[in-house]
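Below you'll find the structure, written out as structure tokens, and then a few comments.
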Amino acid sequence: MSASAFDHPEVRAKATAPDGVHDRLSLRDHIVSVEIGAFQAERDMVQRLSFDVVVEVAAPEADVQDDVDLILSYDRITWAIEHELAAERLNLLETLAERIADRILAEPLAMRVFVRIQKLDKGNGALGVEIERVPGQGDDTLAASRAPVVAFFNNAALASDRLAGWIETLDALDAPVVLCLDLPAERPQVDLARAQLNIDLLEIEQSAWSLAARFPELTVAGTRTELDWAMKNQLTAVWAPSKLVLDATDSPEAAPHALARWFAEQWQASRMVCFGDPLPTPHTIPTQTVTLDQSDF
């Protein structure tokens, strides 16, 4: 069976099926409106994307007995799309396709995936990208990453003479660690809310770089890729929040405590450690407060 480059991914999958693949799940013409694009004209507007996904799976080793938990469900395909669209605003269809493929291939039964994404509102035709991936070919972060510990330092904690000891203890934990910092009290003030948000985020990022300059064991991470890489390699990262916050689809609060809590929830942190003050509002992640007179935690 032959196939052309313009055939549906299902046709291409059948034409190149490897040995041992007997089942194939497909999603056709799944249309979602979302904000995406690298150009300024594509910001603050939504456009339609069309998704075609084919997943090849190994034949079940035993009778599935009509049990959805024993198969790779169709819902996992649409969930992978929804999850990656909600995670952050992206510039490139290529990045979105890679992340969807990686998430689907994290499923134990998935053997190969084809992902085609097209923009339907750009010009007279459909503009898009198509990728083919197998396990181990893409980013293995989903399989290798572990829930991080998120540590929030208020300004008093950052000025404390115990800071070095706290960072040393965090760095020695057998878990990825991400530090979130308070907003400096001295900063420019403007009337435009969007401009003030950008100023505040940049002020936090300057603090992040200043802290990393004092402690060489720290690395500053601002993008999802940088954060994933730091967590995977057991590096203690200081979060530079501008990109993730400005690209977020759920508009997190700009207050530093709220940003730290939002980050912990996004990355499904195992726990939070708050240095200086407790979080002003409770949330679902286990949280410990370390006061300024505590050396250990």
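Selection over region 79-128 of residues that are surrounded by fewer than 18 Cβ atoms within 10 Å (Cβ to Cβ), closer than 23 Å to LEU244 by Cβ and free of Cβ contacts under 8 Å to residues at least 60 places away in the same chain gives a count of 8. With respect to (1) under 30 Å from THR291 (Cα atoms); (2) modelled with pLDDT of 95 or more, the lone exception for ILE117 is condition (1). Among the residues of region 241-278, those that are part of a loop (DSSP other than H, G, I, E, B) and over 16 Å from ILE204 (Cα atoms) comprise ALA248, THR249, ASP250, SER251, TRP267, GLN268, ALA269, SER270, GLY276, ASP277, PRO278.
Test of understanding: among ARG99, ARG89, which residue is among the basic types (Lys, Arg) and at pLDDT below 90? Before the answer, list the steps.
Details: ARG99 fails: at pLDDT below 90.
Just one listed residue meets the conditions, ARG89.
Candidates are the residues of region 175-203 that are over 21 Å from ARG162 (Cβ atoms) and among the β-branched types (Val, Ile, Thr); the one that is modelled with the lowest pLDDT is VAL190.
Mind telling me which of the residues ALA212, ALA185, ALA208, ALA221 ends up being assigned by TED's automatic domain parsing to the domain that holds TRP267 and either surrounded by fewer than 15 Cβ atoms within 10 Å (Cβ to Cβ) or touching a Cys at 6+ places or on another chain (Cβ under 8 Å) (or both)?
Numbers: ALA212 fails: either surrounded by fewer than 15 Cβ atoms within 10 Å (Cβ to Cβ) or touching a Cys at 6+ places or on another chain (Cβ under 8 Å) (or both); ALA208 fails: either surrounded by fewer than 15 Cβ atoms within 10 Å (Cβ to Cβ) or touching a Cys at 6+ places or on another chain (Cβ under 8 Å) (or both); ALA221 fails: either surrounded by fewer than 15 Cβ atoms within 10 Å (Cβ to Cβ) or touching a Cys at 6+ places or on another chain (Cβ under 8 Å) (or both).
The match here is ALA185.
Restricted to helices (runs of 4 or more DSSP H) entirely inside region 155-240, those with at least 1 residues that are within 24 Å of the chain's Cα centre (by Cα) are 163-171, 193-214, 224-232. Scanning region 204-228 for residues that are over 18 Å from VAL273 (Cβ atoms) and modelled with pLDDT under 90 turns up THR223, ARG224, THR225, GLU226, ASP228.
Exactly one residue among VAL55, VAL32 is touching a Phe, Trp or Tyr at 6+ places or on another chain (Cβ under 9 Å), closer than 25 Å to LEU109 by Cα and either part of a strand (DSSP E or B) or modelled with pLDDT of 90 or more (or both), and that residue is VAL55.
The values are calculated or read from the model by the stated rules, or taken from the named source; none is laboratory data. These figures come from a predicted structure and were not determined experimentally. As a convention, Cβ positions derive from the backbone with ideal geometry for all residues, glycine included, and neighbour counts pool all protein chains shown.
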